[in-house]
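Here is the structure we will look at.
No value in this document is a laboratory result; all are computed from the given coordinates. Being a predicted model, the structure only gives us computed values, none of them experimental. Here the Cβ positions follow ideal geometry from the backbone for every residue, glycine too, while neighbour counts run over all protein chains shown.
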Amino acid sequence: MRSFLLLFMLLLANCGLKTNLIVYDDSAPEPELVKVSSLVDGDMLSLNLDMQGGVGAVLYQIDRAEVVPDCQCINKWLRFYESSASTQRSGLKRHIKLRQSEITYAFRVRAVDSLGRKSAWSKVFKARAK
């Protein structure tokens, strides 16, 4: 009986999630994409981004999907690129090589701050190598 009680107490002591406290500052504005522009030149897609808000370093994520030619619908989104965290929020540039001219790709972008808060996805834009 005594060993059963000891086992029960050990199991009870190990229940629950034991992590350090996470400090969350909701007084700072969430990250936001202010400007996203794209330009296709031959087989190169050039993105220009401006962000604002967020706490600490901010990064951006780019998702890509193929566009189905028959219905012009977007296939499954996949993470294409994630920048390294930086305090720079304006004048960000990314060049993407469009490898196959017969495929149209759809792209979307969002910002993430150091607290893990994410902005809304940008408007979806499509690109195809010329």
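Full extension of the chain between residue 44 and residue 126 gives 28.2 nm of extra length, using 0.36 nm per residue less the Cα-Cα distance. Amide H to amide H distances under 5 Å link residue 81 with 62, where only residues 5 or more positions off or on other chains count and H is placed in the peptide plane.
Overall, region 27-127 carries a charge dipole of about 120 debye about its Cα centre when +1 sits on the Cβ of Lys and Arg and -1 on the Cβ of Asp and Glu, all other atoms neutral. The residue list 73, 119, 48 was ranked by how far each Cα lies along the charge dipole of region 31-127 toward its positive end, using unit charges on Cβ atoms, and 119 comes out on top.
Across region 40-49, rounded Karplus estimates of 3J(HN,Hα) from the backbone phi angles (6.51 cos²θ - 1.76 cosθ + 1.60, θ = phi - 60°) give 9, 10, x, 10, 10, 9, 10, 10, 10, 10 Hz, Gly and Pro being marked x. Cross-link partners of residue 130 among lysines, defined as those whose alpha carbon lies under 17 angstrom from its own and excluding same-chain residues fewer than eight positions apart: 97. Based on alpha carbons, the Rg and Dmax found for region 56-130 are 13.9, 44 Å. Applying 1/(1 + (r/R0)^6) with R0 = 22 Å to the Cβ-Cβ distance of residue 84 and residue 37 gives a FRET efficiency near 0.55.
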